[in-house]
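Below: the structure, in structure tokens.
The values are calculated or read from the model by the stated rules, or taken from the named source; none is laboratory data. Remember, predicted model here, so these are calculated numbers, not experimental data. As a convention, Cβ positions derive from the backbone with ideal geometry for all residues, glycine included, and neighbour counts pool all protein chains shown.
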């Protein structure tokens, strides 16, 4: 199930809220656990088994670590957990990719598995690993209650698309969290904002990208290609950050405080800064569990560069089982090393706009690598951006520009902290009445518009059949 | 305090959504969309296991959402405000015109349909029967000046040229329609031409046959309704769109009409019961029927292979013939040649609007 579906909004959310707030405190984690399993099972019932297996396994591993703490066997639980989680991830996500690559290189005919990817597996395997690692390191206490642990693993708000919640960040909240109207109201506003970002901005600007990306490279113009990749950049940002907003908002409604996952990445002045603002929970995960254990920046420049390379190869690979994602990771790895070595110093001396333009260009070029799984298509698109298509601009491109200009402008504003700052200023200066009106309009307006778009998606007059 | 009110507001919204769903009766059919709506799916272990049940529930919720058509209106208005020049496959053109978007045609179906008609034309010619093809450009072509600036728009003349090159006996009505494009020849909210537009094509067809058409004043004009909102409107459900007027033209008010070989016989080509519904264009010849025969006072027997564009066109030609037969290939499964032979057909007209002509898969069955 996804948040931006009528099933979620009309059936699941009302039901889970009702039951969650009706049961006493001791039962709340069980309610979350059960509903999360239903949420997960909705699309692919079989893989619930996988999730339950993961839950039991990591729960046991946590106990093993605790039991043998201080002895030579302490690491058994840790190693078991990491190996099994990585194997699961590898088996379901990467097997076909490697079979395909091997077949391609050696001309073998190994049949592919063609298994559907279990939803959210990249997220929850990372979360469960963080649990055993945190317990092993003593960063968090072992969870005795398997229901509470199950609620952590399967927690539906962040199950499908993150943020990746480290166990240590949420351990205390699992056992003890406060529920209040204040939190709930904040959660509502956050959730509705995320819904709007996903349904109104991402889906609609995504239409522009899907038209342009389907156009034959020979018919595409340079302006069209740039417009397209900008549209893609907005689509992926509003889609992903909208989903994170919804997750954080829902979390608040249920009393959780998740860490932020996006912080206006497109206003960055360097790629280093961009990655501190984009998908922050993934960056934190790689930093805490890979980069720092490898030695981070404390063991000299050469090793630091090696560590950056490792992290970025893995980051690229994590995003998808295809070489273009690896290349995308390498692209960022190289840029980040360059920035570390000299570029950041230069950028600091240059006027701010240089940094902004450089960052946006780098990110947009990155999106080209990201968007096309087929290298040939990606390369052809890149060439069109730099003038190898059918000219600079055409009537078709002009129509797209005019049609989407207002939406693009809304996207630009929404990608900056402008509205947030405005809201903060309002909060400081305006009376309660005005603020309440603003909040109500925001909640009512965004939900009504989102519902209108969700329903219209299925509105499909079938005119020729009966006419 | 503020957050408390917001919390309660949100819970009210959710409750209202749930309540509205459970206390409204599910609809079976959507007049606007002309399709049956999804009903509550039945549960089975198999559909749950495959995840199909989830998809069906989502489709059901969307189809049965309270005030469904109104929500589409909200979306259309939002798209208009956000500067979009199109919505749901329809351009918002000048003067309130809602015009169907056609940006590309399927080459394969075009070739197949034109080949099929050519074969029919050749074999009928051997029996001494002339077949003509009237390819009618739609509003997107004739009224292209009204389209939004730079709007992508497929060139329908390419199809006419190609059909001629392949040897089809084409009656080109483009010039006739272009000459009158300032007049009310296309509906603003529907993909059809008006009766007036059909008359100009009729006149061009008569001239192509070397005959002189009667002036439009030879027919009595009767306004059938002035509150028509058709197919392109249904796609956007746009409240600020204009209403269309439907006119009927007849020399004599009554004709014997026989639908589907005696299935339904009546004395008028206007099925006025449709004027009370939302589908008023269906008044002409009882919507779409597999076969229709109209009896007139003229000579010869005309067979029209057609889409719904012929329904108002036929008003003008039925008095010229003893019998006018119409076949809708979407619903007719027999052999056209056999039909022509058995009914003593003397002349054949293939009448389609261009986008339909090259996309209708029924046409390949005509030969």
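Side notes on the structure shown:
- Residues of the range B:241-257 that turn out to be assigned to a strand (DSSP E or B) and under 22 Å from the mean Cα position of the chain (by Cα), as a count: 8
- Residue match in the range B:272-282 (condition: more than 14 Å from every other protein chain (Cβ to nearest Cβ), in contact (Cβ under 8 Å) with a residue 24 or more places away in the chain and at negative phi): yes
- If the condition is being over 26 Å from the mean Cα position of the chain (by Cα) and crowded, with 16+ Cβ neighbours inside 10 Å, then the range A:402-434 contributes A:402, A:403.
- Flag if residue B:262 is surrounded by fewer than 13 Cβ atoms within 10 Å (Cβ to Cβ) and within 22 Å of the chain's Cα centre (by Cα): no
- Counting residues in the range B:146-155 that are at pLDDT 90 or above, more than 11 Å from chain A (Cβ to nearest Cβ), under 22 Å from the mean Cα position of the chain (by Cα) and over 20 Å from residue B:229 (Cα atoms) gives one or more.
- Those residues of the range B:335-355 which are surrounded by 15 or more Cβ atoms within 10 Å (Cβ to Cβ) and out of contact with any strand residue (DSSP E or B) (no Cβ under 9 Å at 6 or more places or on another chain), in sequence order: B:337
- Residue in the range A:452-462 that is assigned to a helix (DSSP H, G or I), at pLDDT 90 or above, in contact with a helix residue (DSSP H, G or I) (Cβ under 7 Å, 6 or more places away or on another chain) and more than 10 Å from every other protein chain (Cβ to nearest Cβ) present: no
- Residue in the range A:375-395 that is free of Cβ contacts under 8 Å to residues at least 12 places away in the same chain and within 14 Å of chain B (Cβ to nearest Cβ) present: yes
- In the range B:214-235 there is at least one residue that is surrounded by 18 or more Cβ atoms within 10 Å (Cβ to Cβ), away from chain A (no Cβ under 14 Å) and part of a loop (DSSP other than H, G, I, E, B).
- The helices (runs of 4 or more DSSP H) located wholly in the range A:259-360 that include 1 or more residues which are more than 23 Å from the chain's Cα centre (by Cα) occupy A:301-319, A:323-338, A:344-349.
- Of all residues assigned to the range A:3-17, none qualifies as being in a helix (DSSP H, G or I), away from chain B (no Cβ under 12 Å) and touching a helix residue (DSSP H, G or I) at 6+ places or on another chain (Cβ under 8 Å).
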